[in-house]
Amino acid sequence: MKRIKSAPLLPLLLILGLTACNGNNAEEEPQFLEVDLSVNPEKAEVNESVVFEAKVTYGEEEVTDADEVKFEIWRANDEDHEKILVEHAEDGIYRLEKSFSEEGTYYIYSHVTARRMHNMPKKEFIIGQPSEPEEGSPGADTDNMEDQNDTEDHSSH
């Protein structure tokens, strides 16, 4: 008889236990991997150095130990994409300096993997005279590309 009477209490104790555990996590705000990609200058001349920087943060923390930071660079409508691994420079910034020998409209993705998350903002930049941009490209205004990355198909990356 005692076994039958105590059986209904077991689910109640389990629910109370789980609620108590989840209560602590509710106070923590989720953190996100943020990547602020910059191209300087956004319009350069042939053989002029261009500096690419990805400032990586996780919440308020500067990420100095990302699992991988790779810059993918290509000329508009070109199937050849150059992928370059980038090391941490300072204060959560991953930097690459590169020059280009061919004029045109170019794009860069910064593929950043850290804290079990991946973020890949995209920017457009010009070397010399611009070439025909890729279809669907927003032109020089690429600050909102990060929001579009969630809906684009990047299965080749």
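Mind counting the residues in region 109-126 that are more than 17 Å from GLU45 (Cα to Cα) and either in contact with a Pro (Cβ under 7 Å, 6 or more places away or on another chain) or not in a loop (DSSP other than H, G, I, E, B) (or both)?
Residues meeting the conditions: 11.
Are any residues in region 24-68 at pLDDT 95 or above and either at positive phi or part of a helix (DSSP H, G or I) (or both), and if so, which ones?
Within region 24-68, ASN47 is the sole residue that qualifies.
Considering only region 132-148, state which residues are surrounded by 15 or more Cβ atoms within 10 Å (Cβ to Cβ) and either at positive phi or at pLDDT below 50 (or both).
Correct list: ALA140, THR142, MET145, GLU146.
Tell me which of these GLN129 doesn't satisfy, since it passes every other one: (1) surrounded by 13 or more Cβ atoms within 10 Å (Cβ to Cβ); (2) polar (S, T, N, Q); (3) modelled with pLDDT of 50 or more; (4) not in a strand (DSSP E or B).
(1)
In region 72-93, what residues are assigned to a strand (DSSP E or B) and surrounded by fewer than 14 Cβ atoms within 10 Å (Cβ to Cβ)?
Passing the criteria: GLU82, LYS83, ILE84, LEU85, ALA89, GLU90.
State whether one or more residues within region 114-126 are loosely packed, with under 15 Cβ neighbours inside 10 Å and of a type in the set (Asp, Glu).
No: region 114-126 contains no residue that is loosely packed, with under 15 Cβ neighbours inside 10 Å and of a type in the set (Asp, Glu).
How about region 94-106: which of its residues are surrounded by fewer than 18 Cβ atoms within 10 Å (Cβ to Cβ) and closer than 26 Å to GLU34 by Cβ?
Correct list: ARG95, GLU97, LYS98.
The values are calculated or read from the model by the stated rules, or taken from the named source; none is laboratory data. Predicted, not measured: the structure shown is a model, and the values here were computed from it. Note: ideal-geometry Cβ built from the backbone for every residue, glycine included; neighbour counts use all protein chains shown.
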